[in-house]
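Following: one structure in structure tokens, then a few remarks.
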Amino acid sequence: MTADFPLHRTTRPVADDERAAALADPGFGKHFTDHMAAATWTPEDGWHDRRVGPVVPYSLHPSAAVLHYAQEIFEGLKAYRHADGSVWLFRPERNAARFAASARRLTLPVLPEEDFLASVEGLVRADEAWVPAAGGEQSLYLRPYMFASEAFLGVRPAHRVEYGVIASPAGAYFGSGVVGVTLWISAEFTRAAAGGTGAAKCGGNYAAGLAAQLEAREHGCDQVLYLDGAEHRWVEESGTMNVALVTSAGELVTPQLGTILDGVTRASVLDLAVEHGLTPVQRPISVVELAEGCASGSITEVFAVGTAAVITPITGFRGPDLSITVGGGAPGATTLALRAHLLDIQHGRVEDTRGWLRRVV
Ligand SMILES: Cc1ncc(COP(=O)(O)O)c(C=O)c1O
């Protein structure tokens with residue numbers, strides 16, 4: 001049965017010229033569309049009050065559980081306009097599954113996949129005018145989330161939970177030409193430990209990462225590369241992206257799942273690797289292997305993968321006692337080819353032979 005998120009259209013949409021100005025230079029996360037999808041959960045009624053309506057602020061009691069105990073999760077995916085005007089989502093079922101897994105870890109109610117898909121699709125249809133035109137790398141970023149809204153103090157799973165989806169047009173991540181980033185390997189901070197919440201997409205993980213992010217910036221780096229919490233020796237992931245490397249032996253290697261996020265882009269790149277003559281491998285990568293491999297040339301390229309930036313070349317790593325240059329310091333050919341391939345699938349410029357796209361409009 002398809003869940004229904006009935007549309008209550010806003011009577012006060014953003015003016016056409018204002019929307020056109022936002023779409024002309026969307027940036028990321030700066031402009032929001034006219035509508036949001038929402039539903040509420042209580043133990044008595046389960047998920048109810050499904051709707052797509054105007055974007056409205058929440059009114060929360062100061063004791064609302066999320067404000068104190070961070071019982072919150074979110075997702076991120078994009079809608080892409082193709083040249084014929086149609087609009088598509090990229091592997092949204094994987095986001096629905098990950099959202100359910102995150103909910104289980106945070107003891108939030110699981111939102112059924114059909115509700116996840118119906119809410120996202122309902123919002124995209126309502127705000128179709130906000131999906132950027134085909135032809136470039138622009139898209140409509142979708143942000144589903146869920147949080148504990150019950151008013152009470154005490155550490156237990158909340159009895160009232162809000163689900164929502166908002167949308168924001170996203171520009172090309174790289175304005176002119178893909179440039180490489182440098183990652184900071186912190187000696188102090190870690191992101192996750194076995195048994196923790198590393199594999200869940202919960203807000204608390206990102207709050208805890210802000211200090212490491214600041215440390216990276218202070219050292220002139222763009223992002224953090226987290227190592228494992230137990231030995232501080234194994235490569236895990238970046239702040240908002242998974243990482244992978246290419247070896248001279250023709251492998252595409254990425255750390256195995258466990259304490260990292262099960263990225264949709266990571267899974268997709270592992271799948272595409274074979275078409276690029278690479279053997280996909282998921283195994284531990286130590287910092288020593290990373291440093292020695294980049295120095296000897298046995299590691300030829302390193303890149304980060306995620307919905308926002310698609311594929312970003314990593315051209316160097318820095319740490320308190322560490323400086324690694326990757327492949328001469330410029331983006332690698334395989335990285336750029338994989339990036340173009342994935343974008344071409346998402347934007348409908350090559351055939352979707354794997355059934356990854358789901359049509360909305
Ligand atoms: C910590 C972290 N790792 C990896 C990713 C990449 O995941 P995806 O490819 O599903 O966007 C993200 C982004 O969601 C993230 O926040």
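The values are calculated or read from the model by the stated rules, or taken from the named source; none is laboratory data. Keep in mind the model is a prediction, meaning the values are calculated, not measured. Neighbour counts run over all protein chains shown; Cβ positions are idealised from the backbone, glycine included. Calculation scope for accessible area: heavy atoms of the full protein, side chains included, ligands and nucleic acids excluded. Shrake-Rupley method; radii C 1.70, N 1.55, O 1.52, S 1.80 Å.
Of the set (1) over 15 Å from the mean Cα position of the chain (by Cα); (2) open to solvent by less than 30 Å² (accessible area, probe 1.4 Å), all apply to E237 but (1). In this structure, F5 qualifies as modelled with pLDDT of 95 or more and either touching a Lys or Arg at 6+ places or on another chain (Cβ under 9 Å) or of a type outside the set (G, A, S) (or both). For a quick check of your reading of the model, give me the residue pairs whose first member lies in the stretch 274-295 and is at positive phi, whose second is open to solvent by less than 60 Å² (accessible area, probe 1.4 Å) and not aliphatic (A, V, I, L, M), with beta-carbon atoms closer than 9 Å and at least 6 apart or on different chains. Pairs that qualify, where the first residue is at positive phi and the partner is open to solvent by less than 60 Å² (accessible area, probe 1.4 Å) and not aliphatic (A, V, I, L, M), are G277/G250; G277/T334.
Scanning the stretch 278-336 for residues that are over 30 Å from L89 (Cα atoms) and among the aromatic types (F, W, Y) yields a total of 1. Looking at Q223, Q213, which is the one that is open to solvent by less than 60 Å² (accessible area, probe 1.4 Å) and touching a Leu at 6+ places or on another chain (Cβ under 6 Å)? So the residue among Q223, Q213 that is open to solvent by less than 60 Å² (accessible area, probe 1.4 Å) and touching a Leu at 6+ places or on another chain (Cβ under 6 Å) is Q223. For the stretch 176-192, does any single residue satisfy the condition of being among the charged types (D, E, K, R), under 18 Å from the mean Cα position of the chain (by Cα) and open to solvent by less than 30 Å² (accessible area, probe 1.4 Å)? There is no residue in the stretch 176-192 that is among the charged types (D, E, K, R), under 18 Å from the mean Cα position of the chain (by Cα) and open to solvent by less than 30 Å² (accessible area, probe 1.4 Å). Residues of the stretch 111-132 that are surrounded by 20 or more Cβ atoms within 10 Å (Cβ to Cβ) and either closer than 16 Å to F74 by Cβ or not aliphatic (A, V, I, L, M) (or both): L111, D115, F116, S119, V120, E121, G122, L123, D127, W130, P132. Checking each residue in the stretch 322-335 for being among the aliphatic types (A, V, I, L, M) and either crowded, with 18+ Cβ neighbours inside 10 Å or within 14 Å of the ligand (Cβ to nearest atom) (or both) picks out I324, V326. Among the residues of the stretch 348-361, some residue qualifies, meaning at least one is closer than 27 Å to G175 by Cα, open to solvent by 10 Å² or more (accessible area, probe 1.4 Å) and of a type in the set (V, I, T). At least 3 residues being within 16 Å of the ligand (Cβ to nearest atom), touching a strand residue (DSSP E or B) at 6+ places or on another chain (Cβ under 7 Å) and in contact (Cβ under 8 Å) with a residue 60 or more places away in the chain is the threshold, and among the strands (runs of 3 or more DSSP E) wholly inside the stretch 147-260 those reaching it are 161-170, 181-185, 223-227, 242-247.
Evaluation of I166 against the conditions (1) open to solvent by 10 Å² or more (accessible area, probe 1.4 Å); (2) of a type outside the set (D, E); (3) not assigned by TED's automatic domain parsing to the domain that holds I73 shows that the sole unmet condition is (3). Of the helices (runs of 4 or more DSSP H) lying entirely inside the stretch 1-110, those containing at least 1 residues that are among the hydroxyl-bearing types (S, T, Y), in contact with a strand residue (DSSP E or B) (Cβ under 7 Å, 6 or more places away or on another chain) and open to solvent by less than 50 Å² (accessible area, probe 1.4 Å) are 92-105. Restricting G135, G122 to residues that are within 29 Å of F174 (Cα to Cα) and away from the ligand (no atom under 16 Å from the Cβ) narrows the list to G135. When the stretch 112-146 is filtered for residues that are modelled with pLDDT under 95 and either within 16 Å of H8 (Cβ to Cβ) or assigned to a helix (DSSP H, G or I) (or both), nothing remains.
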